[in-house]
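The values are calculated or read from the model by the stated rules, or taken from the named source; none is laboratory data. Fair warning: this is a prediction, and the values are worked out from it, not measured in the lab. All Cβ positions, glycine included, derive from the backbone under ideal geometry; neighbour counts span all protein chains shown.
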Amino acid sequence: MNYRIKEIFYTQQGEGKNTGMNSVFIRFTGCNLWSGKEKNRGNAICNFCDTDFYGTDGINGGIYTKEELLSKVRSIWLNKDENINVVLTGGEPLLQVDQQLINFFKENNLYIAIETNGTIIPPSGIDWICMSPKPKTKINVSSGDEIKFIYPQQNFNPKMFEAMNFSHFYVQPMDSEKLQENINETIKFCMQNPKWKISLQSHKILGIQ
Ligand code: SF4
């Protein structure tokens, strides 16, 4: 199996419970809720995406086997004495991430986190599942480690997901021209609903990738 990768880079996780964790991000090409092309955004199921996941032309982008992926991850991981943390993201990484890749990474002692829109059931063995639900989709991932709800969204409320089997519940202000308004709304929601905590995109605030 070959994996189409937009970019691979070493950074700190900027969002949610694992904020500040040194990680290698592997961004898989493609999403099942938007083509990634601006001309299609208006008709996309998910139309507020702030990520470029189209193509393979980013830093360290390309087509990789699982062995090549591991080798690239190892080459850019700086803390050679520590276990490697990877974050599989996209786009929707589960369009490509399969059991073979997870098994191979686990055999090589990687800690694996994934960020998914919840429409595709993940392989087993992933250490940290972050699910960010989108409206008008069938959510097939009803358990995991954290829910990250982008807030606010019309006719789509975080409370719809409260009964799901996740350990952490986050609302994250939608990054748009109304960001400050969205932050205020998110804070208000958290104060009224203490099950939920605010997640900020700290990598954007700090100016890191
Ligand atoms: S589901 Fe995620 S990656 Fe896909 S278009 Fe929406 S925000 Fe972007």
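Brief remarks follow.
- Members of the range 16-38 that are within 12 Å of the chain's Cα centre (by Cα) and within 9 Å of the ligand (Cβ to nearest atom): CYS31
- Pairs meeting the criteria (first residue in the range 77-102 and more than 18 Å from GLY14 (Cα to Cα) and modelled with pLDDT of 95 or more, second residue acidic (Asp, Glu) and more than 16 Å from the ligand (Cβ to nearest atom), beta carbons under 7 Å, at least 6 apart or on different chains) are lacking.
- Identity of the residue in the range 45-66, without any contact (Cβ under 8 Å) to a residue 60 or more places away in the chain and β-branched (Val, Ile, Thr), that ends up nearest to the ligand (Cβ to nearest atom): THR51
- For the residues ILE121, ILE126, the requirement of being away from the ligand (no atom under 11 Å from the Cβ) and within 16 Å of LEU33 (Cα to Cα) singles out ILE121.
- Criterion: within 28 Å of PRO194 (Cβ to Cβ) and surrounded by fewer than 20 Cβ atoms within 10 Å (Cβ to Cβ) - qualifying residue of PHE149, PHE104, PHE156: PHE156
- Scanning the range 129-146 for residues that are within 14 Å of the ligand (Cβ to nearest atom) and among the aliphatic types (A, V, I, L, M) gives MET131, ILE139, VAL141.
- The residue that is nearest to HIS168 (Cα to Cα), among those in the range 109-131 that are in contact (Cβ under 8 Å) with a residue 40 or more places away in the chain and either part of a strand (DSSP E or B) or in contact with a Gly (Cβ under 8 Å, 6 or more places away or on another chain) (or both), is CYS130.
Matching residues to (1) at pLDDT below 95; (2) surrounded by 20 or more Cβ atoms within 10 Å (Cβ to Cβ):
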| site | (1), (2) |
| --- | --- |
| GLY16 | yes, yes |
| ASN22 | no, no |
| ILE26 | no, yes |
| CYS31 | no, yes |
| GLU38 | no, no |
| ALA44 | no, no |
| PHE53 | no, yes |
| ASP57 | no, no |
| TYR64 | no, yes |
